[in-house]
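The values are calculated or read from the model by the stated rules, or taken from the named source; none is laboratory data. Not measured: the values here are computed from a predicted model. Backbone-built Cβ (ideal geometry, glycine too); neighbour counts: all protein chains shown. Surface accessibility is based on the protein's heavy atoms, side chains included, excluding ligands, DNA and RNA. Shrake-Rupley method; radii C 1.70, N 1.55, O 1.52, S 1.80 Å.
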Amino acid sequence: MFTFVLFGLFYESQWKARFIYCYLAAMSLAAVIAVPLWLLDITVRSGREAGIFMTNHSSQSLAFVVATLCGIFLLKESLSLQKKSLLVGVMALFLFNIFFISPSRSGYLALPAAAAFAFFILYKHKKLHYIHGIVAAAMLLVILTSSTLQQRIKLGLEEKTNYQSSESVTSIGIRVIFAQNTLELIQQKPLFGYGTSSFKTVYSAHVAAKYQDWRGAPASDPHNQYLFVWLENGLVGLLIFLAYIYTAIRQGASQQPYGAIAASVLVAVAATSLFNSNFKTFPEGHLLAFFVGCLLARQPKNMAEAECA
(Lines give C-alpha, C1' and ligand atoms only; values in the text may rest on other atoms or scores of the structure.)
Protein backbone atom coordinates (compact mmCIF):
# COMPACT_ATOMS: atom_id res chain seq x y z
CA MET A 1 0.00 0.00 0.00
CA PHE A 2 2.95 2.35 0.53
CA THR A 3 3.50 2.27 -3.25
CA PHE A 4 0.72 4.78 -3.68
CA VAL A 5 2.49 7.21 -1.35
CA LEU A 6 5.54 7.10 -3.60
CA PHE A 7 3.63 7.95 -6.76
CA GLY A 8 3.80 11.63 -5.82
CA LEU A 9 7.58 11.53 -6.29
CA PHE A 10 7.94 9.54 -9.44
CA TYR A 11 6.31 11.86 -11.95
CA GLU A 12 9.72 13.60 -11.92
CA SER A 13 12.30 11.95 -14.17
CA GLN A 14 15.12 12.41 -11.66
CA TRP A 15 13.29 10.21 -9.14
CA LYS A 16 12.76 7.56 -11.82
CA ALA A 17 16.49 7.71 -12.59
CA ARG A 18 17.34 7.36 -8.90
CA PHE A 19 15.04 4.37 -8.62
CA ILE A 20 16.64 2.65 -11.63
CA TYR A 21 20.22 3.33 -10.56
CA CYS A 22 19.55 2.19 -6.99
CA TYR A 23 18.00 -1.00 -8.31
CA LEU A 24 20.94 -1.59 -10.65
CA ALA A 25 23.41 -1.03 -7.82
CA ALA A 26 21.60 -3.54 -5.58
CA MET A 27 21.35 -6.13 -8.36
CA SER A 28 25.01 -5.65 -9.31
CA LEU A 29 26.01 -6.45 -5.73
CA ALA A 30 23.69 -9.46 -5.73
CA ALA A 31 25.11 -10.71 -9.04
CA VAL A 32 28.67 -10.44 -7.70
CA ILE A 33 27.73 -12.35 -4.53
CA ALA A 34 26.01 -15.15 -6.45
CA VAL A 35 29.02 -16.08 -8.58
CA PRO A 36 31.41 -17.29 -5.82
CA LEU A 37 28.54 -19.00 -4.03
CA TRP A 38 27.85 -20.94 -7.22
CA LEU A 39 31.50 -21.67 -8.00
CA LEU A 40 32.13 -22.96 -4.46
CA ASP A 41 28.80 -24.86 -4.42
CA ILE A 42 27.66 -23.02 -1.30
CA THR A 43 23.99 -23.27 -0.35
CA VAL A 44 22.83 -20.21 1.56
CA ARG A 45 19.17 -21.10 2.03
CA SER A 46 17.88 -24.55 2.82
CA GLY A 47 16.26 -26.22 -0.16
CA ARG A 48 17.79 -23.75 -2.63
CA GLU A 49 20.48 -24.34 -5.24
CA ALA A 50 24.04 -23.04 -4.89
CA GLY A 51 24.19 -19.36 -5.77
CA ILE A 52 20.49 -18.80 -5.07
CA PHE A 53 19.96 -16.61 -2.02
CA MET A 54 16.78 -14.69 -2.86
CA THR A 55 13.27 -16.12 -2.33
CA ASN A 56 13.81 -18.87 -4.93
CA HIS A 57 15.56 -19.35 -8.26
CA SER A 58 12.60 -17.95 -10.24
CA SER A 59 12.47 -14.75 -8.18
CA GLN A 60 16.23 -14.29 -8.36
CA SER A 61 16.30 -14.90 -12.10
CA LEU A 62 13.47 -12.45 -12.78
CA ALA A 63 15.18 -9.81 -10.63
CA PHE A 64 18.25 -10.07 -12.87
CA VAL A 65 16.07 -10.08 -16.00
CA VAL A 66 14.58 -6.76 -14.88
CA ALA A 67 18.06 -5.37 -14.19
CA THR A 68 19.20 -6.42 -17.67
CA LEU A 69 16.23 -4.63 -19.24
CA CYS A 70 17.15 -1.47 -17.34
CA GLY A 71 20.66 -1.74 -18.74
CA ILE A 72 19.44 -2.17 -22.33
CA PHE A 73 17.62 1.15 -22.23
CA LEU A 74 20.30 3.03 -20.29
CA LEU A 75 22.90 2.11 -22.92
CA LYS A 76 21.01 4.41 -25.30
CA GLU A 77 21.35 7.34 -22.90
CA SER A 78 24.13 9.93 -23.11
CA LEU A 79 26.51 8.27 -20.67
CA SER A 80 30.28 8.52 -20.61
CA LEU A 81 32.32 5.69 -22.14
CA GLN A 82 33.44 4.66 -18.66
CA LYS A 83 29.85 4.40 -17.40
CA LYS A 84 28.74 2.49 -20.49
CA SER A 85 31.64 0.05 -20.07
CA LEU A 86 30.68 -0.48 -16.43
CA LEU A 87 27.05 -0.99 -17.43
CA VAL A 88 28.01 -3.58 -20.06
CA GLY A 89 30.09 -5.38 -17.43
CA VAL A 90 27.28 -5.66 -14.89
CA MET A 91 24.85 -6.69 -17.63
CA ALA A 92 27.21 -9.55 -18.49
CA LEU A 93 27.07 -10.57 -14.81
CA PHE A 94 23.27 -10.48 -14.89
CA LEU A 95 23.21 -12.67 -18.00
CA PHE A 96 25.65 -15.13 -16.43
CA ASN A 97 23.39 -15.40 -13.40
CA ILE A 98 20.26 -15.90 -15.51
CA PHE A 99 21.59 -18.54 -17.90
CA PHE A 100 24.44 -20.26 -16.07
CA ILE A 101 23.71 -20.05 -12.32
CA SER A 102 19.92 -20.04 -12.03
CA PRO A 103 17.97 -23.15 -13.10
CA SER A 104 14.86 -21.04 -13.65
CA ARG A 105 13.19 -21.80 -16.96
CA SER A 106 11.06 -18.69 -16.40
CA GLY A 107 14.17 -16.55 -16.79
CA TYR A 108 15.15 -18.39 -19.98
CA LEU A 109 11.79 -17.38 -21.46
CA ALA A 110 11.34 -13.93 -19.91
CA LEU A 111 14.58 -12.31 -21.05
CA PRO A 112 14.45 -13.14 -24.79
CA ALA A 113 10.79 -12.12 -25.00
CA ALA A 114 11.27 -8.84 -23.13
CA ALA A 115 14.60 -8.05 -24.82
CA ALA A 116 13.03 -8.48 -28.27
CA PHE A 117 10.29 -6.07 -27.23
CA ALA A 118 12.82 -3.61 -25.81
CA PHE A 119 14.87 -3.60 -29.01
CA PHE A 120 11.70 -3.04 -31.04
CA ILE A 121 10.85 -0.01 -28.90
CA LEU A 122 14.37 1.38 -29.21
CA TYR A 123 14.96 0.81 -32.90
CA LYS A 124 11.50 0.26 -34.41
CA HIS A 125 12.11 -1.26 -37.84
CA LYS A 126 15.53 0.32 -38.20
CA LYS A 127 18.16 -2.45 -38.10
CA LEU A 128 15.60 -4.61 -36.30
CA HIS A 129 16.31 -7.77 -38.29
CA TYR A 130 20.03 -7.44 -37.57
CA ILE A 131 19.40 -6.96 -33.85
CA HIS A 132 17.06 -9.92 -33.59
CA GLY A 133 19.57 -11.99 -35.53
CA ILE A 134 22.23 -11.08 -32.99
CA VAL A 135 19.86 -11.91 -30.11
CA ALA A 136 19.03 -15.28 -31.71
CA ALA A 137 22.72 -16.03 -32.22
CA ALA A 138 23.48 -15.06 -28.62
CA MET A 139 20.71 -17.35 -27.35
CA LEU A 140 22.05 -20.22 -29.46
CA LEU A 141 25.51 -19.64 -28.00
CA VAL A 142 24.10 -19.68 -24.48
CA ILE A 143 22.17 -22.89 -25.15
CA LEU A 144 25.32 -24.56 -26.47
CA THR A 145 27.53 -23.42 -23.58
CA SER A 146 25.30 -23.47 -20.50
CA SER A 147 25.07 -26.94 -18.97
CA THR A 148 22.56 -25.61 -16.42
CA LEU A 149 20.20 -24.46 -19.17
CA GLN A 150 20.68 -27.69 -21.16
CA GLN A 151 19.88 -29.84 -18.14
CA ARG A 152 16.76 -27.84 -17.26
CA ILE A 153 15.42 -27.98 -20.81
CA LYS A 154 16.16 -31.70 -21.05
CA LEU A 155 14.47 -32.36 -17.71
CA GLY A 156 11.44 -30.31 -18.75
CA LEU A 157 11.03 -32.26 -21.99
CA GLU A 158 11.31 -35.56 -20.11
CA GLU A 159 8.71 -34.46 -17.55
CA LYS A 160 6.36 -33.35 -20.33
CA THR A 161 6.74 -36.68 -22.14
CA ASN A 162 6.35 -38.91 -19.07
CA TYR A 163 3.83 -36.99 -16.95
CA GLN A 164 1.04 -39.54 -17.46
CA SER A 165 3.15 -42.46 -16.23
CA SER A 166 5.05 -40.56 -13.51
CA GLU A 167 4.52 -41.87 -9.99
CA SER A 168 5.32 -38.52 -8.37
CA VAL A 169 4.77 -34.82 -8.95
CA THR A 170 7.07 -33.10 -11.44
CA SER A 171 7.34 -29.41 -12.25
CA ILE A 172 6.17 -29.71 -15.85
CA GLY A 173 3.89 -32.70 -15.30
CA ILE A 174 1.79 -30.93 -12.67
CA ARG A 175 1.47 -27.89 -14.94
CA VAL A 176 0.05 -30.09 -17.70
CA ILE A 177 -2.47 -31.57 -15.24
CA PHE A 178 -3.35 -28.08 -13.98
CA ALA A 179 -3.97 -26.86 -17.53
CA GLN A 180 -6.07 -29.85 -18.58
CA ASN A 181 -8.37 -29.72 -15.58
CA THR A 182 -8.62 -25.95 -15.42
CA LEU A 183 -9.72 -25.88 -19.07
CA GLU A 184 -12.31 -28.57 -18.32
CA LEU A 185 -13.76 -26.38 -15.57
CA ILE A 186 -13.63 -23.25 -17.74
CA GLN A 187 -15.71 -24.99 -20.40
CA GLN A 188 -18.53 -25.30 -17.88
CA LYS A 189 -18.60 -21.57 -17.00
CA PRO A 190 -16.61 -19.77 -19.69
CA LEU A 191 -18.21 -16.33 -19.61
CA PHE A 192 -18.37 -15.24 -15.96
CA GLY A 193 -16.36 -17.94 -14.20
CA TYR A 194 -16.79 -19.28 -10.67
CA GLY A 195 -16.05 -16.10 -8.73
CA THR A 196 -13.02 -14.48 -7.14
CA SER A 197 -11.08 -16.74 -4.73
CA SER A 198 -12.95 -19.81 -5.96
CA PHE A 199 -10.08 -21.62 -7.68
CA LYS A 200 -8.90 -23.77 -4.77
CA THR A 201 -12.37 -24.96 -3.82
CA VAL A 202 -13.57 -25.65 -7.36
CA TYR A 203 -10.37 -27.19 -8.70
CA SER A 204 -9.64 -29.34 -5.65
CA ALA A 205 -13.13 -30.85 -5.67
CA HIS A 206 -12.86 -31.54 -9.41
CA VAL A 207 -9.55 -33.43 -9.28
CA ALA A 208 -10.34 -35.24 -6.01
CA ALA A 209 -13.30 -36.91 -7.72
CA LYS A 210 -11.25 -37.70 -10.84
CA TYR A 211 -7.89 -39.04 -9.58
CA GLN A 212 -6.58 -41.28 -6.82
CA ASP A 213 -2.90 -40.33 -7.04
CA TRP A 214 -0.79 -37.11 -6.95
CA ARG A 215 -2.95 -35.60 -9.67
CA GLY A 216 -5.86 -35.44 -7.22
CA ALA A 217 -4.04 -33.24 -4.70
CA PRO A 218 -5.70 -29.89 -3.90
CA ALA A 219 -4.23 -26.76 -5.51
CA SER A 220 -4.77 -23.04 -5.15
CA ASP A 221 -3.15 -22.00 -8.43
CA PRO A 222 -2.80 -23.54 -11.93
CA HIS A 223 0.64 -21.96 -12.50
CA ASN A 224 -0.85 -20.02 -15.39
CA GLN A 225 -2.07 -16.51 -14.63
CA TYR A 226 -4.43 -16.36 -17.61
CA LEU A 227 -6.16 -19.65 -16.86
CA PHE A 228 -6.44 -18.60 -13.21
CA VAL A 229 -8.18 -15.34 -14.11
CA TRP A 230 -10.39 -17.04 -16.68
CA LEU A 231 -11.59 -19.73 -14.26
CA GLU A 232 -12.37 -17.29 -11.45
CA ASN A 233 -13.62 -14.26 -13.39
CA GLY A 234 -14.60 -15.71 -16.73
CA LEU A 235 -13.86 -14.46 -20.21
CA VAL A 236 -15.05 -11.01 -19.15
CA GLY A 237 -12.44 -10.83 -16.41
CA LEU A 238 -9.72 -12.23 -18.67
CA LEU A 239 -10.39 -9.59 -21.33
CA ILE A 240 -10.23 -6.83 -18.69
CA PHE A 241 -6.94 -8.27 -17.42
CA LEU A 242 -5.49 -8.39 -20.94
CA ALA A 243 -6.71 -4.83 -21.55
CA TYR A 244 -4.77 -3.69 -18.48
CA ILE A 245 -1.60 -5.32 -19.80
CA TYR A 246 -2.08 -3.84 -23.27
CA THR A 247 -2.82 -0.35 -21.96
CA ALA A 248 0.20 -0.29 -19.66
CA ILE A 249 2.51 -1.58 -22.39
CA ARG A 250 1.18 0.93 -24.91
CA GLN A 251 1.55 3.84 -22.48
CA GLY A 252 5.04 2.75 -21.47
CA ALA A 253 6.25 2.32 -25.03
CA SER A 254 5.61 6.02 -25.68
CA GLN A 255 7.61 7.19 -22.64
CA GLN A 256 11.31 6.52 -23.12
CA PRO A 257 13.38 5.47 -21.38
CA TYR A 258 11.60 4.90 -18.08
CA GLY A 259 8.10 4.06 -19.25
CA ALA A 260 9.58 1.72 -21.85
CA ILE A 261 11.53 -0.07 -19.12
CA ALA A 262 8.28 -0.62 -17.23
CA ALA A 263 6.58 -1.88 -20.39
CA SER A 264 9.45 -4.33 -21.01
CA VAL A 265 9.26 -5.59 -17.42
CA LEU A 266 5.53 -6.12 -17.92
CA VAL A 267 6.22 -8.10 -21.12
CA ALA A 268 8.70 -10.28 -19.19
CA VAL A 269 6.16 -11.01 -16.44
CA ALA A 270 3.37 -11.56 -18.97
CA ALA A 271 5.53 -14.13 -20.77
CA THR A 272 6.45 -16.06 -17.62
CA SER A 273 2.82 -15.95 -16.48
CA LEU A 274 2.01 -18.52 -19.13
CA PHE A 275 3.66 -21.01 -16.74
CA ASN A 276 3.35 -19.20 -13.39
CA SER A 277 1.06 -16.70 -11.69
CA ASN A 278 3.65 -13.95 -11.33
CA PHE A 279 1.12 -11.14 -11.19
CA LYS A 280 -0.04 -12.37 -7.80
CA THR A 281 2.98 -14.11 -6.28
CA PHE A 282 4.56 -12.02 -3.53
CA PRO A 283 8.09 -11.11 -4.76
CA GLU A 284 7.44 -10.99 -8.50
CA GLY A 285 4.12 -9.18 -8.10
CA HIS A 286 5.64 -6.52 -5.85
CA LEU A 287 8.58 -6.03 -8.19
CA LEU A 288 6.20 -5.53 -11.10
CA ALA A 289 4.04 -3.12 -9.06
CA PHE A 290 7.02 -0.91 -8.27
CA PHE A 291 8.30 -0.75 -11.83
CA VAL A 292 4.91 -0.13 -13.42
CA GLY A 293 3.72 2.25 -10.70
CA CYS A 294 6.89 4.31 -10.43
CA LEU A 295 8.05 4.39 -14.03
CA LEU A 296 4.64 5.00 -15.63
CA ALA A 297 3.81 7.88 -13.30
CA ARG A 298 3.15 11.02 -15.35
CA GLN A 299 3.58 14.65 -14.49
CA PRO A 300 0.25 16.33 -13.56
CA LYS A 301 -1.19 18.14 -16.58
CA ASN A 302 -1.33 21.56 -14.90
CA MET A 303 2.35 21.32 -13.93
CA ALA A 304 3.38 20.28 -17.43
CA GLU A 305 1.46 23.20 -18.89
CA ALA A 306 3.06 25.60 -16.41
CA GLU A 307 6.55 24.44 -17.42
CA CYS A 308 5.75 24.92 -21.12
CA ALA A 309 4.33 28.42 -20.56
A208 paired with T43, simple spin-label distance in nm, labels 7 Å along Cα-to-beta-carbon:
3.3 nm
Taking every other residue with Cβ under 15 Å from the Cβ of K83 and scoring Lys and Arg +1, Asp and Glu -1, one gets +1
Using only the Cα atoms of segment 30-174, construct the convex hull and provide its projected area averaged over every direction, in square nanometres to one decimal.
10.4 nm²
Expressed in angstrom and ordered largest first, the alpha-carbon extents of the chain along the principal axes are 67, 51, 39
Going by average Cβ density within 10 Å per residue, which order do the peptides 139-151, 50-62, 257-269 take, highest to lowest?
257-269, 50-62, 139-151
Sort H286, H132, H206 from largest to smallest accessible area, using a 1.4 Å probe on the heavy atoms of the protein chains.
H286, H132, H206
How far is helix 282-295 tilted off the main Cα axis of the chain, in degrees rounded to 10, range 0 to 90?
30 degrees
Using only the alpha carbon atoms of segment 5-69, find the Kirkwood hydrodynamic radius as the inverse mean reciprocal pair distance, in angstroms to one decimal.
13.2 Å
Applying 1/(1 + (r/R0)^6) with R0 = 35 Å to the Cβ-Cβ distance of N56 and L128, what FRET efficiency is obtained, to the nearest 0.05?
0.50
Tilt of helix 128-145 relative to the longest C-alpha principal axis of the chain, in degrees (0 to 90, nearest 10)?
60 degrees
Place a point 7 Å from Cα of S13 in the direction of its Cβ. Which residues in segment 69-109 have their backbone N less than 17 Å from it?
73-80
Can you return the aspartates and glutamates within cross-link range of K189? Criterion is Cα-Cα under 19 Å, with same-chain partners fewer than 8 residues away left out.
D221, E232
Distance in nm between label sites at T161 and L75, each 7 Å beyond Cα in the beta-carbon direction?
3.7 nm
In segment 121-245 the accessible area split gives carbon plus sulfur, as whole percent at 1.4 Å, a share of 64 percent
